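Participant: Here it is, the structure in full.
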Amino acid sequence: MKLRPCVLTVAAALVTVTAAHANHHETTTLREAFAGKFYIGGTISPWALRTPTEGMAQLAYTHYDAITADNAMKWGPFNPQPGEYRMEGADAFMAFADEHDFYTIGHCLFWHSQTPGWVYEDADGNDLTREALLARMRERAELYAERYGSRVDVWDVVNESIESDGSRRRSRFNQILGDEFEAEAFKIADAVMPKSAKLIYNDYGMTDPGRRDAVVAMVKDFQQRGIRIDGIGMQGHWSMNRPSIQEIEDSILAFASTGLPIHITELDVDFLGRDQFFGAEGANVDIQSRQATPENNPYPDGLPPEAEEQLAKRWEEIFALLLKHSDKIERVTFWAITDANSWLNNWPARGRTNYPTLINRDGSLKPAYHRVVELAKAAD
Ligand code: GLA
């Protein structure tokens with residue numbers, strides 16, 4: 001399942017990037033390091049594909065064998081108004097994925113956020129009936145199935161529909177469809193998408209016991225009712241000290257008890273942190289944006305060695321755990337390609353310089369990168 005042909009070496013792929021990378025010619029790429037263990041992915045926008053931002057596209061296919069579009073396939077960006085489609089971004093992303101033979105993630109079919117209000121309403125602005133909303137959801141899935149078909153390997157069918165206490169999110173999907181929203185969404189995806197596409201549920205805060213247990217219960221319920229679900233996505237927007245490795249392991253084991261593979265779908269480590277500046281808001285994206293200040297943005301010009309070391313230790317403990325459970329893990333995707341295109345530079349405050357991945361903003365490789373690669377090699 002996870003055997004892939006020999007891949008590009010850094011020497012071959014980075015030769016045309018900047019001279020800054022020249023000293024890494026012999027380095028093992030991430031996709032080489034994790035080959036046979038799990039897919040290793042990154043996230044990119046069509047904008048980054050069109051412009052030579054730090055050789056972003058090249059770094060993507062050099063290091064990763066799985067790819068996710070950050071926004072282009074969400075309902076709002078793809079279909080902002082009834083009958084108005086903006087498919088160029090998704091098309092460019094899919095062409096890039098095809099060209100480099102990526103394991104390709106469709107993100108995401110149904111999510112309460114970045115979905116325009118018209119989706120839930122009729123022409124007079126009244127809430128749709130249950131049947132009308134289901135028909136609209138099916139239409140969206142059919143359009144993707146027709147346009148991209150089996151070129152998408154995994155669909156995030158439902159994103160973030162369960163609260164940390166285990167209750168269902170009172171989204172507009174939930175208000176109209178009730179607690180059957182998720183089941184209906186998966187039934188639609190199963191009916192419409194090619195059988196080769198894996199259908200997964202994806203959420204953040206998956207180490208919160210309430211959400212974790214509710215997801216396990218939902219999956220088991222689907223399995224009993226014969227509703228196809230093929231995997232569980234743990235986003236993994238983590239910080240330097242939370243969640244603990246034990247909490248992550250508890251969740252991996254709980255999700256694995258369903259028999260489904262786990263996808264780590266949106267991995268990053270928020271080095272600067274948020275709670276100490278902005279309170280404990282978790283990874284909820286619906287918060288008000290704030291600006292960078294010298295206090296909340298202490299490293300605008302790079303990290304001192306002690307900080308690099310702390311970061312390397314955090315990444316090492318995370319990947320040691322993921323490698324320990326690689327038999328249960330299908331894929332690990334970073335929610336960025338390098339530090340340069342991470343959302344954590346702009347959330348929860350705009351214009352910060354954050355350090356959320358293994359690759360620096362100029363494409364050079366962090367001490368953490370080398371430590372993680374060494375771990376992967378030692379696990380061979
Ligand atoms: C959520 C979504 C992603 C992205 C990230 C942060 O986790 O699933 O699509 O929006 O937030 O950018």
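The values are calculated or read from the model by the stated rules, or taken from the named source; none is laboratory data. Remember, predicted model here, so these are calculated numbers, not experimental data. Every residue, glycine as well, gets a Cβ built from its backbone with ideal geometry; the counts of neighbours run over all protein chains shown. Remember, those area values only see protein heavy atoms, side chains included, never the ligands or the DNA or RNA. Shrake-Rupley method; radii C 1.70, N 1.55, O 1.52, S 1.80 Å.
Participant: Looking at the stretch 332-351, is at least one residue of a type in the set (Ser, Thr, Tyr), within 26 Å of LEU253 (Cα to Cα) and touching a residue at least 24 places away in the same chain (Cβ under 8 Å)? Don't jump to the end; show me each part of the working.
Facilitator: If we filter the stretch 332-351 for residues that are of a type in the set (Ser, Thr, Tyr), which is where we start, we get 333, 338, 342.
Then keep just the ones that are within 26 Å of LEU253 (Cα to Cα); that gives 333.
Within this subset, residues satisfying the condition of being touching a residue at least 24 places away in the same chain (Cβ under 8 Å) are 333.
Yes, the stretch 332-351 has at least one match.
Participant: I need the full set of residues from the stretch 222-258 which are open to solvent by 10 Å² or more (accessible area, probe 1.4 Å) and either at positive phi or polar (S, T, N, Q) (or both), in order please.
Facilitator: GLN223, GLN224, GLY226, SER239, ASN241, SER244, GLN246, SER257, THR258
Participant: I want to confirm something. Restricting to the stretch 156-202 and keeping residues that are assigned to a loop (DSSP other than H, G, I, E, B) and more than 21 Å from ASP230 (Cβ to Cβ), which single residue is most open to solvent (accessible area, probe 1.4 Å)?
Facilitator: The initial filter retains those residues of the stretch 156-202 that are assigned to a loop (DSSP other than H, G, I, E, B), namely 160-161, 163-167, 169-171, 193-197.
Remaining after also requiring more than 21 Å from ASP230 (Cβ to Cβ): 163-167, 169-171.
Numbers: GLU163: 59, SER164: 58, ASP165: 110, GLY166: 22, SER167: 49, ARG169: 26, ARG170: 157, SER171: 13 Å².
The extreme case among them is ARG170.
Participant: For the stretch 316-367, how many residues meet the condition of being in a strand (DSSP E or B), within 16 Å of the ligand (Cβ to nearest atom) and open to solvent by less than 20 Å² (accessible area, probe 1.4 Å)? Show your work before the answer.
Facilitator: Here is the first cut: in the stretch 316-367, the ones in a strand (DSSP E or B) are 329-334, 349-350, 359, 365.
This time we only want the ones that are within 16 Å of the ligand (Cβ to nearest atom), so: 331-334, 349-350.
Filter once more, so that each one left must be open to solvent by less than 20 Å² (accessible area, probe 1.4 Å): 331-334, 349.
Of the residues in the stretch 316-367, 5 are in a strand (DSSP E or B), within 16 Å of the ligand (Cβ to nearest atom) and open to solvent by less than 20 Å² (accessible area, probe 1.4 Å).
Participant: May I pose another question? Could you grab the pairs with beta carbons closer than 8 Å, sequence gap of 6+ or different chains, first residue in the stretch 103-120 and without any contact (Cβ under 8 Å) to a residue 60 or more places away in the chain, second one among the aromatic types (Phe, Trp, Tyr) and within 12 Å of the ligand (Cβ to nearest atom)?
Facilitator: TRP111/TRP75; GLN114/TRP75; THR115/TRP75; PRO116/TRP75; VAL119/TRP75
Participant: I would also like to ask the following. Can you name the number of the only condition in (1) surrounded by fewer than 20 Cβ atoms within 10 Å (Cβ to Cβ); (2) within 16 Å of the ligand (Cβ to nearest atom) that ASN297 fails?
Facilitator: So the condition that ASN297 fails would be (2).
Participant: List the residue pairs whose Cβ atoms are under 7 Å apart, where the first residue sits in the stretch 70-82 and is among the acidic types (Asp, Glu), the second is open to solvent by less than 10 Å² (accessible area, probe 1.4 Å) and within 13 Å of the ligand (Cβ to nearest atom), and the two are 6 or more positions apart or on different chains.
Facilitator: The qualifying pairs are ASP70/THR43; ASP70/ILE44.
Participant: Looking at the stretch 143-155 only, could you name the residues that are closer than 30 Å to PRO243 by Cβ and open to solvent by 20 Å² or more (accessible area, probe 1.4 Å)? Don't jump to the end; show me each part of the working.
Facilitator: Going residue by residue through the stretch 143-155, those that are closer than 30 Å to PRO243 by Cβ are 152-155.
Result: ASP153, single match.
Participant: I've got another one for you. Filter the stretch 229-248 for residues that are of a type in the set (Gly, Ala, Ser), over 12 Å from the mean Cα position of the chain (by Cα) and under 13 Å from HIS263 (Cα atoms) and give the result. Steps first, please.
Facilitator: So in the stretch 229-248, the residues of a type in the set (Gly, Ala, Ser) come out as 231, 233, 236, 239, 244.
Checking which are over 12 Å from the mean Cα position of the chain (by Cα) leaves us with 231, 239, 244.
Passing the criteria: only GLY231.
Participant: So ALA292 fits all but one of (1) within 15 Å of the ligand (Cβ to nearest atom); (2) in contact (Cβ under 8 Å) with a residue 40 or more places away in the chain; (3) open to solvent by 10 Å² or more (accessible area, probe 1.4 Å); what number is the exception?
Facilitator: (1)
Participant: So which of ARG331, ARG352, ARG371, ARG314 ends up being of a type in the set (Lys, Arg) and in contact with an Asp or Glu (Cβ under 8 Å, 6 or more places away or on another chain)? Let's see the steps before the verdict.
Facilitator: On the way: ARG331 fails: in contact with an Asp or Glu (Cβ under 8 Å, 6 or more places away or on another chain); ARG352 fails: in contact with an Asp or Glu (Cβ under 8 Å, 6 or more places away or on another chain); ARG314 fails: in contact with an Asp or Glu (Cβ under 8 Å, 6 or more places away or on another chain).
Selected residue: ARG371, the only one of ARG331, ARG352, ARG371, ARG314 that is of a type in the set (Lys, Arg) and in contact with an Asp or Glu (Cβ under 8 Å, 6 or more places away or on another chain).
Participant: Go through (1) of a type outside the set (Phe, Trp, Tyr); (2) touching a Ser or Thr at 6+ places or on another chain (Cβ under 6 Å); (3) under 21 Å from HIS107 (Cα atoms) and name the single condition ILE329 misses.
Facilitator: So ILE329 meets the others, but not (2).
Participant: Does ARG242 satisfy the criteria of being of a type in the set (Lys, Arg), away from the ligand (no atom under 14 Å from the Cβ) and over 18 Å from GLU330 (Cα atoms)? Working first, answer last.
Facilitator: Details: of a type in the set (Lys, Arg): yes; away from the ligand (no atom under 14 Å from the Cβ): yes; over 18 Å from GLU330 (Cα atoms): yes.
Here the answer is yes, as ARG242 does meet what is asked.
Participant: Name the single residue that is most open to solvent (accessible area, probe 1.4 Å) among those in the stretch 88-116 being of a type in the set (A, V, I, L, M, F, W, C) and away from the ligand (no atom under 16 Å from the Cβ). Steps first, please.
Facilitator: Pass one, the stretch 88-116, residues of a type in the set (A, V, I, L, M, F, W, C): 90, 92-97, 102, 105, 108-111.
Filter again for away from the ligand (no atom under 16 Å from the Cβ), leaving 92, 94-97, 102.
Values: ALA92: 36, MET94: 0, ALA95: 53, PHE96: 17, ALA97: 1, PHE102: 12 Å².
It comes out as ALA95.
Residue by residue, here is whether (1) farther than 30 Å from ALA123 by Cα; (2) modelled with pLDDT under 95; (3) part of a strand (DSSP E or B) holds:
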residue: THR43; (1), (2), (3): yes, no, yes
residue: ALA48; (1), (2), (3): yes, yes, no
residue: ALA60; (1), (2), (3): yes, no, no
residue: GLY76; (1), (2), (3): no, no, no
residue: ALA90; (1), (2), (3): no, no, no
residue: PHE93; (1), (2), (3): yes, no, no
residue: ALA97; (1), (2), (3): yes, no, no
residue: ASP101; (1), (2), (3): yes, no, no
residue: THR104; (1), (2), (3): yes, no, yes
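Participant: Mind checking whether some residue in the stretch 263-278 is surrounded by fewer than 13 Cβ atoms within 10 Å (Cβ to Cβ) and either away from the ligand (no atom under 15 Å from the Cβ) or not in a helix (DSSP H, G or I) (or both)?
Facilitator: Here is the first cut: in the stretch 263-278, the ones surrounded by fewer than 13 Cβ atoms within 10 Å (Cβ to Cβ) are 276.
The next check asks that each one be either away from the ligand (no atom under 15 Å from the Cβ) or not in a helix (DSSP H, G or I) (or both); those that pass are 276.
Within the stretch 263-278, one or more residues are surrounded by fewer than 13 Cβ atoms within 10 Å (Cβ to Cβ) and either away from the ligand (no atom under 15 Å from the Cβ) or not in a helix (DSSP H, G or I) (or both).
Rundown of residues vs (1) among the aliphatic types (A, V, I, L, M); (2) at positive phi; (3) at pLDDT below 95; (4) not in a loop (DSSP other than H, G, I, E, B), yes/no style:
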{"position": "ALA141", "(1), (2), (3), (4)": "yes, no, no, yes"}
{"position": "SER150", "(1), (2), (3), (4)": "no, no, no, yes"}
{"position": "MET206", "(1), (2), (3), (4)": "yes, no, no, no"}
{"position": "ARG212", "(1), (2), (3), (4)": "no, no, no, yes"}
{"position": "LYS220", "(1), (2), (3), (4)": "no, no, no, yes"}
